[in-house]
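Inspection log for the structure reproduced underneath, given as structure tokens.
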Amino acid sequence: IVLDLLMPGMDGLAFLHEFRRRAGPSRIPVIVWTGKDLTTSELAALRRKADAVVLKGDGAFALLEELKVHSQGSRAQAGP
């Protein structure tokens, strides 16, 4: 999942918390891609719940690199 924290009508941090709670032990990778100015506590919370945090200012290449890393991990867990 690529999650933007700035969604209309929804708090991305609350969504991530609820998603992880409902998913239970399943480890669906979540990559946060955001342009939001994060506080230190928000960034710490994201790092505990998300697999990666990429700032939009770092460009789409940074997001693609994280997608590559986490999609390879998902395929390895799923088997051939």
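Considering only residues of segment 7-16 that are surrounded by 11 or more Cβ atoms within 10 Å (Cβ to Cβ) and not aliphatic (A, V, I, L, M), which is nearest to residue 58 (Cα to Cα)? That would be 12. The residues in segment 17-36 that are closer than 22 Å to residue 60 by Cα, modelled with pLDDT under 90 and either of a type in the set (A, V, I, L, M, F, W, C) or part of a helix (DSSP H, G or I) (or both) can be counted, and the count is 1.
Filter segment 37-63 down to the residues that are exposed (fewer than 15 other Cβ atoms within 10 Å of the Cβ) and either assigned to a loop (DSSP other than H, G, I, E, B) or touching a residue at least 60 places away in the same chain (Cβ under 8 Å) (or both) and list them by number. Result: 37, 39, 59.
The values are calculated or read from the model by the stated rules, or taken from the named source; none is laboratory data. Note that the structure is predicted; figures quoted are calculated from it, not measured. For neighbour counting, all protein chains shown are included, and Cβ atoms are generated from backbone atoms with ideal geometry for every residue, glycine included.
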